[in-house]
Each structure stands twice: as structure tokens, then as C-alpha cells.
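In what follows, a single structure is set out as C-alpha cells and then discussed.
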Amino acid sequence: MENKAYGGHVLALPYPGQGHINPLLQFSKRLVSKGFKATLATTLFIHNTMKPQSSVSLQFDTMSDGYDEGGFTQAENIQEYHTRMVAIGSKTLADLIIKHKNTANPIDCIIYDSFLPLALEVAKNFGIFGAAFFTQTCAVNFIHYQVHRGLLKLPITSTPISIPGLPVLELGDMPSYISVPGSYPAYFEMVLNQFSSSDKADAVLVNTFYELEPEALDSMSKVCQLLPIGPTVPSFYLDKCLENDNDYGLNLFVLDSSVCNNWLNTKPEGSVVYLSFGSMASLSNKQMEELAFALKGSKFYFLWVVKASEEAKLPEKFVEEIGNKGLVVQWCSQLEVLSNKAIGCFLTHCGWNSTLEALSLGVPMVGVPQWTDQTTNAKYFRDVWKVGVRAKVCENGIVEREEIEFCIKEVMEGERRKDFQKNAKKWRDLAIKAISEGGSSDKNIDEFVSKFINS
Ligand code: UDP
Ligand code: 7WV
């Protein structure tokens, strides 16, 4: 794709977390391919952790959430983190805009994570075009919208739940803040607050694609104009139109991809279970133990991402005892792993990026959702996209080893494996089509661009 004429300077502002940086970073790269200059602004703490390298096409800059030494972990609690981020974030974002003001490329457009509506206020103060970027599915957004507008009353007293454009949902399919009232009130407030000013945004972008949730998108579009622009997976894995775009390229954790590749390359096609719970989840000791024993008991190879902060929860001598059957790493290049032929299925926490990556690469899944939107994503991939199973949780809140072993077996070699694979391949093909030139997401990106240019 040749670079188009200069379209303007976009400042992308992600919420400071791996699952929020990746999609906005990728979307910025797409805009650069459409002729824009783009700058991704992370918090100072994230910048110092990830050490991003600016290139001709994409620049990095910083603002502050008020916790420059330790980020989120430095805060007393989530509420305090958010309050300070709004105050310091607004101020340092304004400083950033001013810094660029008298340069050759002043900021013309801010694309902000919908978790950070503070950015829209700042943009409007400077008369800059402001676009909200939603990192969760349209279905999840629509549920939160319904609650925000008082259309869905809490606590939910009657099930199943019917929302226009969504499949009928049981309580356990709802985002956790709704199914578990009172859990993480500050996060709940944040997901509802996404809609506090979204109608004032100049555009609303969502990291999904039309073919994946047409009913939900049609339904929500009646009350809020949405532009699905995903999947924001590096071009190398989909349309291959962007040069050198084969990785997100920013990691909050240290990774060693050659270890994973070398190990996977010695394993037969479809023989390995890949497991990861994303960047945020922290499992109980008991849950880690159940997973460990399930993997030990199952006959399949496995590659398990256990973050450094989770390692102490592994049973004693686990790594020594599994030998060549399994590889435990602290972080990996997930796209590289998912695209390796040796992978047979992905046991995932159902974070939206992980789910979308698995769909984009055609990998069947076992869902072990933990919280937030993960439960709803699991509902969709089991019952709507039909690319896998969801593990049953016991009354004590644990998914037991027998259930994990059963689910893995079901997806790796059960009767429905062929269907899961066929459907996964279908979603991969549709994802490629959506993001390729002339596809639904590509057209929406063009619509966004013309909306901005004509503003
Ligand atoms: N990821 C990665 N290496 C890993 C595990 C995860 O690069 O070992 C990436 C993954 O590809 C995804 C992101 O981290 O893009 C996690 O986002 P997700 O929405 O799935 O979960 P979250 O971390 O927000 O809970
Ligand atoms: C980070 C913090 C809070 C939430 C999320 C990530 C998410 O669900 O994406 Br609510």
C-alpha cells in the first residue's frame, strides 16, 4: 500500500495496560499507512518499562498518570489511581498538545481509549477532533450502555436476559461487574463512564469487525454511530499490506520468543495446548494447582505463560517434572505462538485481544474466563462463533482439573474438533477480508479519515 498524502497528526492515547496499548498501537500504524503522522502517548512509567523506539512512521511520547515510578501498582487503590489520572492526565495531555503546537506537525486529532473520556475534554478545549476508541466487543459495550442509560436495571433479578441484537444471556455470560454486584466498583464506574460523553465524540471506533457481530452492531448503531475497524492484529498475520508490521512490538514483560519457537518447532502439527491468562489476571493458588495437574495428566504437549508474579503458585518441582512435555515461559510473542503449526488449541482467559487474535489466526479455544468482559467473550466464542468450549466453574469458584482435562481433550481431539477448526478458519478468512482493501473495516477506517478531514 503506497503512502497517501499527509492527512494530519494523530495522537493516540491508550489506557495504561497491555490489552489496551496493543490495539491502539496497531490502529495508529494503519492510519500511518493511510497518510497520517501518528504519535502514541503512554504514561511515563509505561514508557520507561517498554522503552519504545520511535520510527519514521510512528512516534512515541509521554504523559503522566501521576504515578511515574510504579504506575498502577504505586496507587493506594483503583479509585485513587483513576482520580489522580484524571487530574494529572488532563494536565500532562494538555502540556503534550502545547509542546507540539508550534512545530511543523501540531496535533490535529486525538484518538483516546474510551476508558479515558478526560481526553475528549482536553481535545475540545483545544478545538481538536476527538475520537473514542473502544477496546471491547460491541456486545459488551452495548450491555454497559444499557446499564449506563438505566435500560438494564441492576441487580438483575430475572434471567435469561434479552438485549436487542445479542443472544439470550444467562447471568454468568454477563460482564463480571454486572453478574457480581459490588465487585470492583471503580472499574464498573469506568466502563459505564465510557458513555458519559461518547455522544460528544467526533467519531466512535470499536476494535471488532462487522461480520463478527452484525446484529449487535446494527442494534447499537441505532443509538450510537459506531465504526468497527478491527481486528487490530499486525498486518503480517492478516492482509500483509503494511510493511514490517509483524508484531505489536511493545511488551510490559520481558519475552523470549526464540525459546518458544525452537521448542514448538520440534512438535508435531496441532499437538500443543497454548495457555495464557493475559497481562492482568492473578489466579488463586488452588486454580494454578488444578491447571498444573490437568496439564500433567493430559497427554498433550503444552506451552504455558506464567508471569513472574504467578510463578510461586506452581506446585513444587512442576517444571522439573514435566520435562519435555511442557514449556513454561514468563511472556511470549503470542501471535508468533498462535500462528505456529504445532498449536492445537488455546486455553485462554478470554481477554478480547487474545480472543480476537485466536479468531484471526484460526485457533480453536478453551475458555476459562476470570472477570470483566471475559465471560461475555467466552459466551460468544462458544455459542455464536462456535470455535470452542467454556470450562465449567465449581461452586467454590474453581475450574477443577478433571474439567480442564476434559475441555482440552474435547477441543484437541473430540468429535467437534473438525467443526471448531472449520469455523475458526472461517473467522480468520472473514477477518482478513474485513481489514483488506475494500473490506468492511478498511472502508470504516476510510470513513473515519474522511470524517476527520472534512471536520
Ligand atoms: N500477550 C503477549 N504475550 C503473552 C500473553 C499475552 O504478547 O505471553 C498479549 C496478547 O497477544 C494480547 C495481550 O497481551 O494482545 C493481552 O490482551 P487481552 O485483552 O487478551 O488480555 P488482558 O491482558 O487485557 O487481560
Ligand atoms: C484494565 C483495567 C480495567 C479493566 C480492563 C483493563 C478491561 O477489562 O479491559 Br475493566
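For the reader, a short list of remarks on this structure follows.
- Counting only strands (runs of 3 or more DSSP E) that sit completely within the stretch 195-312, zero hold 2 or more residues that are charged (D, E, K, R).
- The one condition in (1) over 20 Å from the mean Cα position of the chain (by Cα); (2) closer than 30 Å to Trp371 by Cα; (3) of a type in the set (A, V, I, L, M, F, W, C) that Ala94 fails to fulfil: (2)
- Residue in the stretch 379-387 that is buried (at least 24 other Cβ atoms within 10 Å of the Cβ) and without any contact (Cβ under 8 Å) to a residue 40 or more places away in the chain present: yes
- Cβ-Cβ distances below 6 Å connect the following pairs, each with a first residue in the stretch 326-344 that is within 11 Å of ligand 1 (Cβ to nearest atom), a second residue that is modelled with pLDDT under 95 and among the aromatic types (Phe, Trp, Tyr), and a separation of six or more residues or different chains: Trp331/Phe253.
- Within the stretch 329-348, restricting attention to residues that are more than 16 Å from Ser258 (Cβ to Cβ) and not in a helix (DSSP H, G or I), the residue that is nearest to ligand 2 (Cβ to nearest atom) is Thr348.
Conditions (1) within 16 Å of ligand 1 (Cβ to nearest atom); (2) within 30 Å of Asn77 (Cα to Cα); (3) polar (S, T, N, Q), marked per residue:
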| residue | (1), (2), (3) |
| --- | --- |
| Lys153 | no, yes, no |
| Thr208 | yes, no, yes |
| Ser221 | no, no, yes |
| Ser258 | yes, no, yes |
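- When restricted to residues that are under 18 Å from the mean Cα position of the chain (by Cα) and at pLDDT below 95, the stretch 179-197 contains 0.
- Identity of the residue in the stretch 183-194, part of a loop (DSSP other than H, G, I, E, B) and over 10 Å from Ala132 (Cα atoms), that ends up nearest to ligand 1 (Cβ to nearest atom): Tyr184
- Note on the stretch 303-316: among residues that are surrounded by 14 or more Cβ atoms within 10 Å (Cβ to Cβ) and under 23 Å from the mean Cα position of the chain (by Cα), the one that is farthest from Gly344 (Cα to Cα) is Glu310.
- Lone qualifier among Ser162, Ser176 - being at pLDDT 95 or above, crowded, with 19+ Cβ neighbours inside 10 Å and out of contact with any strand residue (DSSP E or B) (no Cβ under 6 Å at 6 or more places or on another chain): Ser176
- Residues of the stretch 230-244 include at least one that is within 14 Å of the chain's Cα centre (by Cα), modelled with pLDDT of 95 or more and over 20 Å from Glu447 (Cβ atoms).
- Residue that is nearest to ligand 1 (Cβ to nearest atom) [pool: residues in the stretch 345-357 that are hydrophobic (A, V, I, L, M, F, W, C) and touching a strand residue (DSSP E or B) at 6+ places or on another chain (Cβ under 8 Å)]: Cys350
- In the stretch 28-49, of all residues being among the hydrophobic types (A, V, I, L, M, F, W, C) and within 16 Å of ligand 2 (Cβ to nearest atom), the one that is surrounded by the most Cβ atoms within 10 Å (Cβ to Cβ) corresponds to Ile46.
- Any hit, the stretch 358-367, residues being away from ligand 1 (no atom under 16 Å from the Cβ), buried (at least 20 other Cβ atoms within 10 Å of the Cβ) and either in contact (Cβ under 8 Å) with a residue 60 or more places away in the chain or over 18 Å from Lys386 (Cβ atoms) (or both): yes
- Residues of the stretch 358-373 classified as in contact with a strand residue (DSSP E or B) (Cβ under 8 Å, 6 or more places away or on another chain) and either among the aromatic types (Phe, Trp, Tyr) or within 12 Å of ligand 2 (Cβ to nearest atom) (or both), total: 1
Residue by residue, here is whether (1) under 25 Å from Pro234 (Cα atoms); (2) polar (S, T, N, Q); (3) part of a helix (DSSP H, G or I); (4) more than 20 Å from the chain's Cα centre (by Cα) holds:
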position	(1), (2), (3), (4)
Leu356	yes, no, yes, no
Pro369	yes, no, no, no
Asn377	yes, yes, yes, no
Lys392	no, no, no, yes
Glu410	no, no, yes, yes
Lys422	yes, no, yes, yes
Ala431	yes, no, yes, no
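- Failed item in (1) without any contact (Cβ under 8 Å) to a residue 40 or more places away in the chain; (2) in contact with a strand residue (DSSP E or B) (Cβ under 7 Å, 6 or more places away or on another chain); (3) not hydroxyl-bearing (Ser, Thr, Tyr), with Val273 passing the rest: (1)
The values are calculated or read from the model by the stated rules, or taken from the named source; none is laboratory data. On a predicted model such as this, the values are computed, not experimentally measured, just so you know. Cβ atoms come from the backbone with ideal geometry, glycine included; neighbour counts cover every protein chain shown.
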